[in-house]
1. Over the chain, what is the relative contact order in percent, taking alpha-carbon pairs closer than 8 angstrom and at least six residues apart?
2. Collect residues whose amide H, placed 1.01 Å from N in the peptide plane, falls under 5 Å from the amide H of D252; neighbours closer than 5 in sequence don't count.
3. Given the peptides 123-129, 210-216, arrange them by the average over their residues of other C-beta atoms within 10 Å, most packed first.
4. Taking a threshold of 31 Å on the Cα-Cα distance, which of the pairs K191/K340; K23/K191; K293/K344; K191/K345; K23/K383 fall above it?
5. Please report the carbon-and-sulfur percent of the accessible area for the chain; probe 1.4 Å, protein heavy atoms only, DNA, RNA and ligands left out.
6. Given 10 Å bins starting at zero, what is the percent of C-alpha pairs of the chain in each, up to the one with the largest pair distance?
7. With contacts defined as alpha carbon pairs under 8 Å and 6 or more residues apart, what's the relative contact order of the range 1-112 in percent?
8. Can you classify the range 23-122 as rounded, prolate or oblate using the Cα gyration tensor, where a ≥ b ≥ c are the square roots of its eigenvalues, rounded means a/c under 1.5, and otherwise it's prolate if a/b beats b/c and oblate if not?
Amino acid sequence: MNRPSLAGMRVLLGVSGGIAAYKACELVRRLRDAGADVRVVLTENAARFVTPLTFQALSGQPVRSGLWDDSAEASMGHLELAHWAQHVLIAPASADLIARLAHGLADDLLATLCLASTAPLSIAPAMNVRMWAHAATQANVATLRQRGATFLGPADGPMAENESGPGRLLEPHQIVAELAALQGPRPLAGKRVLVSAGPTFEDIDPVRFIGNRSSGRMGFAVAEAAAQAGAEVTLVAGPVSLATPAGVARVDVRSARQMREAVLAQAPRHDVFVSAAAVGDFRPEAVAPQKLKKSGGGGLELALVQNPDILAEVAALPQRPFVVGFAAETENVEDYARAKLERKKLDLIAANRVGADCGFERDDNALLLLWPGGREELAQADKRALARALVARIAERSAQARA
Ligand code: CTP
């Protein structure tokens, strides 16, 4: 995968308080490696976690924290610094800073700079999962998004205090890659992309269902990458607890039949359909109206019927979009995936090996892309980077198909 480039870009990096502040040190190094000119501004709380001197050494530039620093103001006034920035990046962004930015406060240097700058603003949040999920934070995030701010992450995963969920700071290399992607070409500008993601749940009775281990991360990453590439994106999501990527319209569904209905309703008005959902192949023939009781220690036989193949149905539409499928295989990946490509009449298929050590429920993955007459391997990478590479190929191949 190409190394991200931010050559010559003047980045103002704002660091707010929180344990993730230490990761901003590596971020400075990575931003500089990518060619950016970086100035760091710390909030007062951030300076409690990492010293200004550390950032000064890493950025090779004076680091500022307070509004009332006479010597700093003499060398570059804060309004001048706001004007200097071509991009404002906040990482990590605490719940408090996000709230202050949403309300336009100017009660410290960083918030003042954000208010005074007209540069694009990217925010990489880091906070406890409950603080991120809180309605107040979500409302502030929505406000900032509406004003054009881009949210990078948060990532999903284990946190301190034995909790887990969205709220972790993206890794520094991911932040740099996303920032570079935002600057890059927008090959899907003006195009509409429909993505399905996540598992489906097939109810057995009011409390039980048949599901699968799909986390939805790959499909959500594809939706995010397509939006970054300029597309108008609709995401039909099975039951997952992932945050909706910026600028993406989301339709939540539960069962395969609900997913089919949502996808078929949307497909005709889209240019591309990416079927990343792990659609349940079977559902119980009937859903028991009441909870099934275990009677007398015997077993239970469930009659299952096959679900409709959503992907094949979209590929068979008279006015079909460019159709991309996924194939999760435990063996003979290429043969099985190519057979699927042909059988379902797809334009492209992204195949990966799944098993205990790869594929589902993980942050990284590798993909083999197959299309009629061609193939390309995308090496192991985190799902966001992989999704960007996949979206770039989809943009190329769908443009060729239209030509
Ligand atoms: N798919 C779908 N609707 C289904 C089943 C699968 O749209 N009912 C889509 C998936 O989103 C994915 C692709 O089809 O893009 C996967 O193909 P699938 O037929 O599910 O593969 P397998 O079920 O693994 O097929 P097989 O059992 O033959 O391996």
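1. 11
2. It is A237, by chain and number.
3. Top of the packing list down: 123-129, 210-216.
4. Distance filter (> 31 Å) returns K23/K191; K293/K344.
5. Roughly 51 percent, rounded to a whole number.
6. 5, 21, 28, 22, 14, 7, 2, 0, 0
7. Relative contact order for the range 1-112 comes out at 35 percent.
8. Rounded, since a/c falls under 1.5.
The values are calculated or read from the model by the stated rules, or taken from the named source; none is laboratory data. Everything numeric in this text was worked out from a predicted model, so none of it was measured. Note: ideal-geometry Cβ built from the backbone for every residue, glycine included; neighbour counts use all protein chains shown. Surface accessibility is based on the protein's heavy atoms, side chains included, excluding ligands, DNA and RNA. Shrake-Rupley method; radii C 1.70, N 1.55, O 1.52, S 1.80 Å.
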